[in-house]
Amino acid sequence: MKKRNITLFFAGLFFTAFAAGNATPKEELAKINSVLNAEKVLAESTHMVVRRAAWRFLLGDPASFEKSAINAMKDRDPAVREYAFFRYFEIHADKAFPQLEKMASDPDPEVRKKLLVWIVEMKDGKKVASLRQIAARTAGETSGGFPFYRETQRLKDNPTHDYEVIKLMSIPLPETGWDFTLDKADNGHINGFFKPDFDSSKWKKVKLIHWEKQGFPGYDGIAWYRIKFKMPPKMDSNAVELAFGAVDENAWVWLNGTYLGQQDLGPEGWEIAFWLDATREIKWGAENILAVRVKDTQFGGGIWKPVRIEILK
């Protein structure tokens, strides 16, 4: 969709709001004739049509635009947020990236969909890819009732750690004896499959190879893994990371009941190694419980490469 068409779309959206204004007090609309009055109307009016008209006035005023746009992006009306994001992008183009990141995580799926249309005009390929991933993640897993997401950072990528990272020890987790179950209803997270006290003793025992080779041919969907392992006594270290050789395709990971993070690159992530910080969650000199939710949409699925604990200095 070209910018001209987007502009016409929003003009139509707000024109429709005006046209539907039979229930809107005319005196409120008449007050929207200056920035000060428009802000006052926003503070006092509960009518959607009036509030949209006030926002449109403010977002069309060059002097008040920056402040108004930031405030409009937080408005409870998704149509207002959508228009504010659009106007900001229209004016600032690629420099609008920080605000577009917020749009990519907007709670309304229609707002996120609009973003995926607009960003085709962005010139920075890395930013486009980042926005697509954020929007797809939010529109997919979160809106589908899966609320877990966490940003994670490896020690080597931490800007405050400005010296060489040394691997003190690498502890491989067992490649056999993992508890495994399918989750066709996708409600394992609701049923607490990740909780330390959950009883998975009746699940099937599997190895770290594709589940199709272990009695589940042709299955595409959600499945869960759990395993217990013991850590040595506490070491003088700066970080503990959980390293996955590869999960086909996506993984969401809990340690001792706490959510660590995810690898959610879609089908492209099936052979990509990833690391999650577990420094605060690991239990030294004690038993730990690892739970992994895996989603596969095509071909082979599951944790199919080794998993290990890396202790770093």
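The values are calculated or read from the model by the stated rules, or taken from the named source; none is laboratory data. Computed from a predicted model, the values in this text were never measured in an experiment. A quick note on method: Cβ atoms are made from the backbone with ideal geometry, for glycine too, and the neighbour counts reach across all protein chains shown.
Before moving on, here are some points about what is shown:
- Remark: pairs (first residue in segment 84-113, closer than 14 Å to Leu59 by Cα; second residue exposed (fewer than 15 other Cβ atoms within 10 Å of the Cβ) and among the aromatic types (Phe, Trp, Tyr); Cβ separation under 7 Å; 6+ apart in sequence or on different chains) are absent.
- Evaluating Glu271 against the criteria (1) in contact with a Lys or Arg (Cβ under 9 Å, 6 or more places away or on another chain); (2) charged (D, E, K, R); (3) within 20 Å of Asp157 (Cβ to Cβ) leaves one unmet condition, (3).
- Answer from Ser201, Ser143, Ser130 - the residue that is hydroxyl-bearing (Ser, Thr, Tyr), loosely packed, with under 12 Cβ neighbours inside 10 Å and either under 28 Å from Arg293 (Cβ atoms) or at pLDDT below 70 (or both): Ser201
- Elements of the type strands (runs of 3 or more DSSP E) sitting completely within segment 232-313 and holding at least 3 residues that are under 22 Å from Val206 (Cα atoms): these cover 239-244, 250-255, 287-296, 307-312.
- Residue that is surrounded by the most Cβ atoms within 10 Å (Cβ to Cβ), among those in segment 156-185 that are charged (D, E, K, R) and within 21 Å of Asn256 (Cα to Cα): Asp179
- Pairing residues of segment 55-66 that are in contact (Cβ under 8 Å) with a residue 24 or more places away in the chain and under 10 Å from Ser34 (Cβ atoms) with residues that are among the charged types (D, E, K, R) and assigned to a helix (DSSP H, G or I), at Cβ distances under 6 Å and at least 6 apart in sequence or on separate chains, gives no pairs at all.
- Subset of segment 209-224 [within 24 Å of Asn191 (Cβ to Cβ) and either among the hydrophobic types (A, V, I, L, M, F, W, C) or part of a strand (DSSP E or B) (or both)]: Trp211, Phe216, Gly221, Ile222, Ala223, Trp224
- Residue in segment 269-291 that is over 19 Å from Lys313 (Cα atoms), touching a Gly at 6+ places or on another chain (Cβ under 7 Å) and either crowded, with 22+ Cβ neighbours inside 10 Å or modelled with pLDDT of 95 or more (or both) present: no
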